[in-house]
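As C-alpha cells, the structure follows; a few thoughts come after it.
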Amino acid sequence: MTTRVFKTRFAPSPTGLLHLGNVRTALFNHLLARRHNGVLLLRLEDTDAMRGHEKYAIALMHDLRWLGLQWDEGPEVGGDAGPYEQSRRGEIYQRYFAVLSDKQLAYPCFCTEHELSIARKTALAAGRPPRYSGKCRALTPEDVRERFAKGIPATLRFRVPESRTITFDDKVRGPQSFATDDIGDFVIRRSDGTPAFFFCNAVDDAEMGVTLVVRGEDHLANTPRQLMLFEALGLLAPEYAHIALVVGADGAPLSKRTGSQSVQEMRETGYLPDALNNYLARLGHSYEENAFMNTQMLGERFDVTRLHRAPARFDAAQLLHWQREAVLHVSADVLWNWMSEDVHRLVPAARRDAFIECVRGNVVFPADAVHWAKNLFADQAVVTRDARETIQSAGATFFAQAVDALGKHGVEFKPLSDALKKTSGRSGKALFQPLRAALTGELDGPEMAKVLPLLGVERARQRLEQYAS
Ligand code: GLU
C-alpha cells in the first residue's frame, strides 16, 4: 500500500479580506504541513455568485505571501489536482451528481421554498427537529418526468441512510457521533444548478488528496454530511480537526469592535509578519517554549494535540508583545524597509545600522522610528514637559560640567559619565536623567551609550550648551 502524502489545505471563500480569525486557520494548516514535511494546498471556494471574488482572491494570496505562508499547490502555483478555483470545477461536480443520481443515492426535490418553510415552522412548533420530511423521496420515475416536463424547478437531495450512526474521531474535539435520523435528506445541488458549498468542499478535499482538514468548529455539523457523501461516492475521507473560534474579550465572536482587523489593515499599521505568526500560532494552540520563533521553528514545534478546545480569546496586549519581539528579532534590512521614507530621509546611510541597533528596543511601529530619527538627527530635539523640568532643576552648572566632560571624552558615554559624576557629585538617576533630557528631550529612550555616538560631538555639545548658562 502506498502511503499518502500528508496534505492540509486552506479553503477560503474569497468574499472579503483575510482577518485574524481566518488567517489563523491558514497559519495552522501551513505549520502542520511544515511539521509533517507535507503539502499545503490553497483552494479558492468561489462558487457563490457574489461580486468581487477576483479582487479578494488576489488580496488574500498577497496577504498569505506577506505572512510567509506560501502554499505548495494551488492557484498561481499549479499541481496535479487543479484547477484550484471551484468556479472552474463545475464539470467535476456534475460528474459526481450523476454518480449519486445513477445509484439512486440522490433524488430531485420539487418542494418550493414556501412549502419547506411552512414544514420547518410546523416541525419546530411541534417540538420536532426541522429536518426535511422526505416528501419527494418516494416520487416514481413517472412523477419526476412529469414534473420536469412541466418545467418545475428541482433541487437535488442526498438520500440520507436511515437508522445509522456516523462517527469520527476529531483531532481536537475527540470522538464525535451523529444519528442519521436527525439529519434530513439535504440539498447538494440548488434549483439553479449550482452545487451546495459543502458538497464541492467534500468532493474537492477527496479529489485533491487532502489528508487533514483543519477548520473552524462552525463547520462541525457539515462533517457527518460530508462523511456520508464520501462513503456514497467511494471517496477517501480526510481526518478532521475542528478548531475553536476566536472570540473577543467579551467572549463573543471577534468583531471590529473587539479588535478584529484585516491583515491588510495590520500590515498598514506596521505589524510585522513574525508578530502575527507568533501571536496567532499561540491563539488556541500552545508551545512548550514562550520564546519568539521564526516560521520554520513555529512549524517544527506545532502539534495538533496541543490545539485547545476552549474558545481562543483575542488579547491585544499579547499581540503587541509579539510585535515588540518581532521588531527585536528581524534583520536590519527588513527593519529598515519597514521604517518609513521619513526615516530614510533623516538618517544618513552610514548611520543606518547604528540607528537601527540604537532604537530597536524603543520602537513598536514605524511612527516610533520617525520619532527617534527626528529626535536624534534634527538640530533641535523636541523637549517634553517632564524633561524640561528635570533640566531646570539640574541647573546650568551641571550642564557646563557636562560640556566640559564631553570636550574631554567625546561621545564615549562611560568615561564621560564617570567624569561628570566626579565633577557634579551626582550619581544614578540624578546624573543620567538630566543628561538624557538635555540630549534627547525625553526622560526615557534608547541606551545613552548608543545615543551619544549617533548624535555626534557637535550636536551633543549644542544641546548641552543651551542649558549651560
Ligand atoms: N470556504 C469555507 C470557509 O471559508 C471553507 C470551510 C472549510 O474549511 O471546510 O468557511
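The convex hull drawn around the Cα atoms of region 184-244, when projected onto a plane and averaged over every direction, covers 4.4 nm². Counting only lysines at least 8 places from LYS150 when in the same chain, those with an alpha carbon closer than 21 Å to its own are LYS135.
If the chain linking ARG385 and ARG164 were pulled fully straight, counting 0.36 nm for each residue of separation and taking away their Cα-Cα distance, it would gain 72.0 nm.
Only helical runs count toward this figure. For the chain, summing -39,500 (n - 2.57) over DSSP H runs of n ≥ 4 and dividing by all residues gives -14500 deg cm²/dmol at 222 nm.
Taking every DSSP bridge with both residues inside the chain, close to 60 percent are antiparallel.
With only Cα atoms counted, region 409-469 has Rg and Dmax values of 10.7, 27 Å.
Working from label points 7 Å from Cα in the Cα-to-Cβ sense, the ASN294 to LEU328 distance is 1.8 nm.
Can you tell me how much longer the chain between HIS62 and THR112 gets when fully stretched, taken as 0.36 nm per residue apart minus their C-alpha distance, in nm with one decimal?
Full-extension gain reported as 13.8 nm.
Label-to-label distance for GLN318 and SER191 is 4.7 nm, based on points extended 7 Å past Cα in the beta-carbon direction. Is there a pair in LYS7/LYS256; LYS421/LYS450; LYS374/LYS408; LYS55/LYS374 whose C-alpha atoms are over 31 Å apart, and which pairs would that be? In this structure, LYS7/LYS256; LYS55/LYS374 lie more than 31 Å apart at Cα.
A dipole drawn for the chain from +1 and -1 charges on Cβ atoms has a positive end, and of GLY425, ALA106, ALA316 the residue lying farthest that way is GLY425. Roughly speaking, what % of Cα-Cα pairs in the chain are separated by over 38 Å, rounded to a whole number? In whole percent, the share of Cα-Cα pairs in the chain beyond 38 Å is 45. Based on the alpha-carbon gyration tensor of region 57-141 and its eigenvalue square roots a ≥ b ≥ c, which shape applies: rounded if a/c is under 1.5, prolate if not and a/b is larger than b/c, or oblate? Oblate, because a/c is 1.5 or more while a/b does not exceed b/c.
With 5 Å bins beginning at zero, the pair-distance distribution over Cα atoms of region 241-327 amounts to 3, 14, 23, 24, 22, 12, 2 %. With each label modelled as a point 7 angstrom along the Cα→C-beta vector, the LYS103-PHE230 pair spans 1.4 nm.
Semi-axis lengths, largest first, of the ellipsoid equivalent to region 323-439 are 30, 15, 14 Å, with √(5λ) applied to each eigenvalue of the Cα gyration tensor. Scoring 130-143, 290-303, 230-243 by mean Cβ neighbours within 10 Å over their residues and listing the highest first yields 230-243, 290-303, 130-143. Our estimate of slack between ASP353 and VAL144, defined as 0.36 nm per intervening residue step minus the Cα-Cα distance, is 67.6 nm.
Taken together, the values in this text are just the output of simple stated rules run on the coordinates, not laboratory data. This is a predicted model, so every value here is computed, not measured. Don't worry about glycine lacking a Cβ; one is built from the backbone with ideal geometry, like all the others, and counts go over all protein chains shown.
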